[in-house]
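Below: the structure, in structure tokens.
Rule-based calculations on the coordinates, nothing more; no lab input. Every value quoted in this text rests on a predicted model; they were computed, and no experiment measured them. For neighbour counting, all protein chains shown are included, and Cβ atoms are generated from backbone atoms with ideal geometry for every residue, glycine included.
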């Protein structure tokens with residue numbers, strides 16, 4: 001109790017200078033399910049001030065005392081609420097919003113429309129509505145969060161059909177992907193064709209790609225923050241669906257009505273059953289499971305427990321070709337406690353467990369390769385958010401992570417007996433490390449026109465006898481030209497202690513996670529950005545233009561020509577370099593009306609430079625694409641029918657072509673006596689990529705015996721509508737007649753139809 005009083009006194013000391021003010025705080029929730037609404041807008045038009053609910057649906061605003069004050073509360077897809085209150089004393093509210101009526105023309109209160117994109121001192125932050133994810137065309141009926149992320153400005157897609165993404169010139173490992181605060185190291189199913197996140201279990205999705213608040217760290221390029229649903233506190237609900245390759249089912253309801261709830265959501269593919277009938281050589285299955293429960297201990301205390309598990313298992317056995325077997329998956333668990341100190345300090349304390357593994361074995365001709373990479377994390381963190389007067393929102397906290405890594409790989413020629421080495425994870429040398437950080441951040445409203453968000457993060461990392469520590473300043477400023485227009489600028493320093501190194505020997509895409517050490521220095525980055533943000537038509541249309549420049553040091557790759565043996569010291573076969581990325585991003589988004597969607601265009605350049613690669617000269621990063629255009633639209637044709645489409649175009653990614661061939665008589669039969677001469681890295685590009693997807697859905701409430709029974713939805717889609725043969729990879733061969741070298745393109749996905757059925761009751 002003394003500790004609580006001390007924390008309250010220290011944080012609220014600056015506010016003692018402010019007299020005759022009161023605090024309005026509380027939670028904004030769905031009226032039906034009592035689910036927290038994250039990012040809901042709470043505005044006081046007369047004072048031109050307001051706040052947004054945090055990731056637990058909580059808000060707090062300090063206002064001058066007055067007889068009566070009007071508050072407008074709004075959230076996308078819900079009817080706004082207007083409340084009149086007397087602000088001569090501190091007030092705590094539970095605000096319940098009703099879903100918007102199912103009409104073609106949404107009724108909104110213009111003054112209540114959220115315009116945080118203009119008014120907040122934040123840059124590079126995009127909230128992705130779950131409805132938009134559900135409405136977009138999908139591949140094989142699988143709704144996918146990461147596919148939606150790829151359509152945003154500053155985000156580059158990975159290879160054709162994959163869900164990997166690259167942000168502002170950063171690599172895959174530079175994206176921190178979290179679900180309920182737990183890190184998901186591999187967010188993919190089916191070799192990356194789909195993500196491991198079940199949309200039916202997700203409450204909110206936020207992407208941060210610049211101007212990072214100091215509460216986030218550990219990665220250079222982006223934070224993808226995903227929050228699971230809490231479960232319906234008032235009634236039991238069941239929803240599910242079936243597509244071409246998988247089925248899903250979600251069940252939620254109250255444990256104690258209006259006080260606690262649970263949700264369980266599962267998805268499983270039936271590819272293995274289909275392949276069993278069609279092929280004796282191939283098998284593949286994946287599944288994921290989400291579970292969460294929460295309990296309100298009282299007005300000031302709330303506890304949550306979350307669990308997630310996803311896994312993939314695949315194998316292929318061919319007579320004279322590539323053979324492989326792989327198993328990979330993630331397991332996370334999070335226990336959280338929310339507490340209110342008074343009504344101005346909100347705290348969250350979490351204990352988090354992660355377990356990730358990937359095991360891969362391949363064999364081709366007389367050679368085989370095996371790989372294992374695993375990570376186990378134990379994480380403890382605590383965060384505080386405090387309001388001091390009406391001008392300051394202060395956040396501070398600390399976290400500590402204990403990492404255990406299991407890296408191992410080898411490649412070798414098959415023995416005469418055909419026996420292969422199998423990696424036992426328990427036999428690998430563990431890499432133990434400690435990572436932690438302290439941070440403080442202040443969102444300061446200097447005036448109606450000017451605000452600044454500044455903070456400091458102090459991360460540290462230790463492995464063996466080596467310890468690293470840094471000071472990371474964070475700064476974002478906002479100057480409003482008028483109510484609808486603002487200019488923003490940001491500066492961010494980031495450090496990363498975990499590295500995903502592409503395996504140079506794997507016959508299938510596979511990567512090894514390594515931690516910083518005496519020889520592997522942390523990756524570092526500095527990023528500056530400047531942006532113009534403007535809204536039109538009473539905030540119905542959001543637009544922005546952002547320019548950025550980012551430098552990165554201590555990038556990690558394996559040395560070229562490296563052969564990994566089981567006893568190889570991985571730290572000794574790495575090479576280190578630097579990267580640079582800059583660009584301009586255009587974004588326009590329509591939020592309301594029958595037609596909604598967005599358009600984004602990015603013009604950028606990303607390069608890398610390694611002393612041991614490409615003769616020390618800089619070269620385009622393998623994910624560099626100069627032009628990237630995305631168009632996304634959803635149109636409510638009638639009350640029940642919705643049409644959706646997306647179009648993407650981007651410059652082909654770089655790859656390396658040899659400058660010529662060298663004839664070697666009497667040797668090299670595998671290559672027809674010719675060896676390739678490579679003079680520069682990433683010296684050529686695939687042809688430009690473009691694709692149009694289309695879907696139509698029919699959603700209807702089906703009544704039985706004149707009473708509501710259930711809601712059902714049919715969705716029909718086409719992926720790659722005009723059947724473009726987009727490049728997946730290029731391989732080199734020699735024409736047997738002319739002996740001239742040839743480069744042949746391989747395409748992955750032609751036009752792909754999909755159909756899915758979803759229900760909810």
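With a ≥ b ≥ c the root eigenvalues of the C-alpha gyration tensor of the stretch 21-100, is it rounded (a/c under 1.5), prolate (a/b larger than b/c) or oblate? Display every interim value, and only then the final one.
Details: a/c = 1.97, a/b = 1.73, b/c = 1.14.
Prolate shape, in that a/c is at least 1.5 and a/b is the bigger ratio.
Within 10 Å, count the other beta carbons around each residue, average over each peptide in 28-40, 680-692, and list them highest first.
On the way: 28-40: 20.8, 680-692: 16.5.
For the peptides 28-40, 680-692, the packing ranking is 28-40, 680-692.
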Working out 0.36 nm times the residue gap between residue 553 and residue 327, then minus their Cα-Cα distance, what length gain in nm do you get to one decimal? 78.1 nm
Extending each Cα 7 Å along its Cβ direction at residue 631 and residue 617, get the distance between those two points in nm, one decimal. 3.9 nm
Once the piece of chain linking residue 573 and residue 710 is laid out straight, how much longer is it, given 0.36 nm per residue of separation minus the C-alpha distance between them? 43.4 nm
Quick check: pseudo-label points 7 Å beyond the Cα along Cα→Cβ at residue 305 and residue 537, how many nm apart are they? 4.9 nm
Descending semi-axes in whole angstrom, ellipsoid equivalent of the stretch 110-224, from the Cα gyration tensor: 23, 19, 13
The stretch 570-638-the stretch 236-269 distance, computed between alpha-carbon centres (Å): 35 Å
Cα pair distances of the stretch 236-350 binned at 10 Å [whole percent]: 12, 28, 25, 17, 11, 6, 1, 0
Looking only at the stretch 21-100, where both bridge partners belong to it, what percent of the DSSP beta bridges are antiparallel (to the nearest 5)? 75 percent
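Taking R0 as 30 Å, what FRET efficiency do you get between residue 452 and residue 382 from their Cβ-Cβ distance, rounded to the nearest 0.05?
Working: r = 25 Å, r/R0 = 0.84.
Calculated transfer efficiency: 0.75.
For the stretch 423-462, what is the relative contact order in percent, using Cα pairs closer than 8 Å and at least 6 residues apart in sequence? List each step's numbers first, then the result.
Numbers: 42 pairs, mean separation 17.2, N = 40.
Relative contact order here is 43 percent.
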By per-residue mean of other Cβ atoms within 10 Å, what is the highest-first order of 518-531, 694-707? 518-531, 694-707
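Which percent, nearest 5, of DSSP beta bridges in the stretch 125-223 are antiparallel? Write down the numbers at each step before the final one.
Working: 13 of 15 bridges.
Here the share of antiparallel DSSP bridges comes out near 85 percent.
Between residue 66 and residue 462, what length comes free when the chain is fully extended (0.36 nm per residue of separation minus the Cα-Cα distance, one decimal in nm)? List each step's numbers first, then the result.
Numbers: separation 396, 0.36 × 396 = 142.56 nm, distance 5.37 nm.
Value of the extension gain: 137.2 nm.
Going by how many other beta carbons lie within 10 Å of each one, how would you line up 730, 370, fewest first? Write down the numbers at each step before the final one.
On the way: 730 15, 370 23.
In increasing order of surrounding Cβ atoms, one gets 730, 370.
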